[in-house]
1. Restricting to the chain, what percent of DSSP beta bridges are antiparallel, rounded to 5?
2. Using only Cα atoms, what is the ratio of the radius of gyration of region 34-140 to 2.2 N^0.38 Å?
3. Could you compute the net charge surrounding ALA174? Neighbours are other residues with a C-beta less than 9 Å from the C-beta of ALA174; K and R count +1, D and E count -1.
4. Could you grab the relative contact order for region 8-250? Cα pairs under 8 Å, six or more apart, rounded to a whole percent.
5. On a 0 to 90° scale, report how tilted helix 203-213 is relative to the longest principal axis of the chain, with both axes built from alpha carbons and the result rounded to the nearest 10.
6. In the Gaussian network model of the chain, springs joining C-alpha atoms below 10 Å, which of GLY41, GLY242, GLY190 carries the largest mean-square fluctuation?
7. By the scheme Lys and Arg +1, Asp and Glu -1, what is the net charge of all other residues having a beta-carbon under 12 Å from that of TYR39?
8. What do you get when you divide the Cα radius of gyration of region 8-250 by 2.2 N^0.38 Å, with N the number of residues?
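Just so you know, all these numbers are worked out from the coordinates, no wet-lab data involved. Owing to the predicted nature of the structure, the values given are computational and were not obtained by experimental measurement. All Cβ positions, glycine included, derive from the backbone under ideal geometry; neighbour counts span all protein chains shown.
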Amino acid sequence: MGLLEGRKGLVVGVANDRSIAWGIAQAAAAEGAALAFTYQGEALLKRVTPLAESVGSRLVLPMDVTRDEDIEAAFRTLRESWEGLDFVVHAVAFANREDLSGPYLNVSRANFLQALDVSAYSFTALARAAAPLMEGRAGSLLTLTYLGAERALPNYNVMGVAKAALESSVRYLAADLGPRGIRVNAISAGPIKTLSAAAIPGFTLMLKNAEEKAPLKRNVEAAEVGRAALFLLSDLSSGVTGEILFVDSGYHIQGV
Ligand code: NAD
């Protein structure tokens with residue numbers, strides 16, 4: 001029997017087959033989970049639909065995470081389609097390209113708020129919508145973060161500030177939802193070449209640097225994040241909440 005047999009999960013953040021969310025979805029589906037997916041905007045629908053179908057999912061729902069009405073509509077559909085919900089994967093982030101180079105100091109108020117809204121607040125909004133569907137089940141909420149939350153890294157800038165807010169949200173949500181049996185965790189992934197990552201100038205250098213300095217002397221793949229996610233989404237981690245789990249070949253432990 002698969003680790004997630006009989007479990008139902010919502011995956012938010014698949015853009016294409018390189019997305020980390022897709023690596024997690026494939027791992028979850030292989031362990032027996034039934035999945036629903038969301039897509040951001042019509043352009044991504046044609047990419048997400050065949051991926052969803054390939055893991056037996058027909059629930060592909062529109063969701064811009066900055067729109068409360070989209071979140072409400074998606075969870076309404078889930079409530080009508082499924083008896084409950086066991087997990088949510090949140091793998092969503094955005095910052096304006098102009099803010100991903102040069103000094104962080106220059107970020108405008110509007111761009112700061114947008115980055116924090118999409119990349120951090122959205123996890124709290126999804127948690128609030130998901131919790132009622134998780135009553136009486138061992139719910140698990142999972143988000144994706146990066147080392148730039150705790151260290152100042154070149155060009156990561158406002159995204160690092162947003163990830164710091166996201167990681168703090170993980171702890172506050174874990175405290176709020178723990179009494180209802182819902183666990184909240186994050187994976188801090190090493191650099192992986194995805195659509196979003198391509199927006200960060202010098203990303204190839206980040207990959208090379210990680211390869212040279214990480215204890216494992218290589219970068220991680222989305223499939224490895226997927227396998228670690230299985231731990232956090234399943235009963236294997238029943239005693240773990242409020243945790244940030246690094247899946248980065250050990251890069252974060254290194255000093256010089
Ligand atoms: P990706 O481009 O494949 O996924 C990002 C997703 O965010 C896309 O599906 C996009 O549609 C979605 N998104 C952006 N704005 C949205 C909005 N307003 N509403 C709904 N969806 C929106 O890239 P990825 O690298 O797989 O990113 C997934 C997560 O992993 C992000 O949180 C990212 O910060 C995090 N992460 C990535 C890396 C990396 O190196 N790739 C490392 C650590 C953490």
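1. If I count the DSSP bridges inside the chain, around 0 percent turn out antiparallel.
2. 1.22
3. 0
4. So the answer I get is 21 percent.
5. 80 degrees
6. Evaluated over the chain, the most mobile residue of the options is GLY41.
7. My count for the surroundings of TYR39 gives -1.
8. 0.96
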